[in-house]
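> Encoded as structure tokens, here's the structure I'll be asking about.
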Amino acid sequence: MKYALLDRGDRLSKQLAQQLHALANDKGLIHDEEAPEVVVSIGGDGTLLQAFHRYENQLHRVTFVGIHTGHLGFYADWKKDELPKLVEMMATSEPRNASYPLLHLEVNTKSGSTSYLALNECTLKSVDGTLVAALRINDEPFEMFRGDGIVISTPSGSTGYNKSLGGAVIHPSLEALQIAEIASINNRVYRTLGSSVILPKHHHCDIVPPDPEKELHIAIDQLVVQMAGVTSITCRVSNQKVSFARYRPFPFWNRVREAFIGSGD
Ligand code: NAP
């Protein structure tokens, strides 16, 4: 079995990476950064986002496993002292693959369009001041947004930025995307729905800035792009999914409870 490894770069993550290589070598696992079957990330959810984007062109053949060095993560759900158990399972057992939906994003300009995949979300803001943008759903006008920004998240990204904005937490078995507002201006002149909106897989939305010359700040997970000349951004549930190797069950709602509520002990 071939594996790749990405660590956060801090001292503890690097130490754990060395330990994992040694354990994996003992078990006959092959370290292969080019064409791995399993990609292991050591750090936090942010490290797993990096690992996802490094291997986003190989999603049809790779699965991901995340080890956290601090608090429990949503993607990084193995503890550092469980390393020997994880490596043993990687060497000897067939994991269940849990597949999560992704966001497909098309940024359109007069000169063409660029596609992106997001595991968590796309965040749209204006570089200078208030973002003004028309939101269209399934090619019909929905609302004219004015405010700090718009976040379009995947179900697994719903526990990230989306949750801080009061968006719903969505189980990743639901193929959907969620549109949440960041501080919309709502008064007698400007009006938006105010609550977040959840679209099913066969729907799409377009965000259309009325002034394409305004520079936009577009964040795709942790990657930030600043660009002017954007005529629209189209968001839909991707036809691709990301797979996580589940060597043991850890239900999504247990992770939500442990991360945000505590075990209740
Ligand atoms: P960061 O600013 O260094 O960390 C943001 C925090 O979000 C970290 O604690 C990270 O966990 C956590 N996180 C990432 N994905 C998550 C998920 N799916 N569910 C719950 N928590 C999650 O940035 P980063 O590490 O590069 O991560 C980028 C992500 O940060 C974005 O995709 C966005 O979801 C999130 N973010 C949140 C806010 C907010 O809540 N106000 C604002 C901006 C961005 P770890 O510590 O385990 O890495």
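The values are calculated or read from the model by the stated rules, or taken from the named source; none is laboratory data. Predicted model only: the values in this text are computed from it and were never measured. Because the Cβ atoms are built from the backbone with ideal geometry, glycine has one as well, and the counts that use them run over all protein chains shown.
> Keeping to the range 206-265, report how many residues are among the β-branched types (Val, Ile, Thr) and surrounded by fewer than 12 Cβ atoms within 10 Å (Cβ to Cβ).
Count: 2.
> Looking only at residues in the range 106-139 that are under 18 Å from residue 201 (Cα atoms), surrounded by fewer than 22 Cβ atoms within 10 Å (Cβ to Cβ) and hydrophobic (A, V, I, L, M, F, W, C), which one is farthest from the ligand (Cβ to nearest atom)?
Out of the qualifying residues, it is 137.
> Step by step: first the residues of the range 73-91, then only those that are out of contact with any strand residue (DSSP E or B) (no Cβ under 8 Å at 6 or more places or on another chain) and farther than 28 Å from residue 240 by Cα, then the one that is surrounded by the fewest Cβ atoms within 10 Å (Cβ to Cβ). Which residue is that?
81
> Take the conditions free of Cβ contacts under 8 Å to residues at least 40 places away in the same chain, within 16 Å of the ligand (Cβ to nearest atom) and exposed (fewer than 15 other Cβ atoms within 10 Å of the Cβ) and apply them to residue 70. Does it pass?
Taking the combined requirement at face value, the residue satisfies it.
> Evaluate the range 67-86: report whether one residue or more is touching a Ser or Thr at 6+ places or on another chain (Cβ under 6 Å), farther than 19 Å from residue 15 by Cα and not assigned by TED's automatic domain parsing to the domain that holds residue 207.
Within the range 67-86, one or more residues are touching a Ser or Thr at 6+ places or on another chain (Cβ under 6 Å), farther than 19 Å from residue 15 by Cα and not assigned by TED's automatic domain parsing to the domain that holds residue 207.
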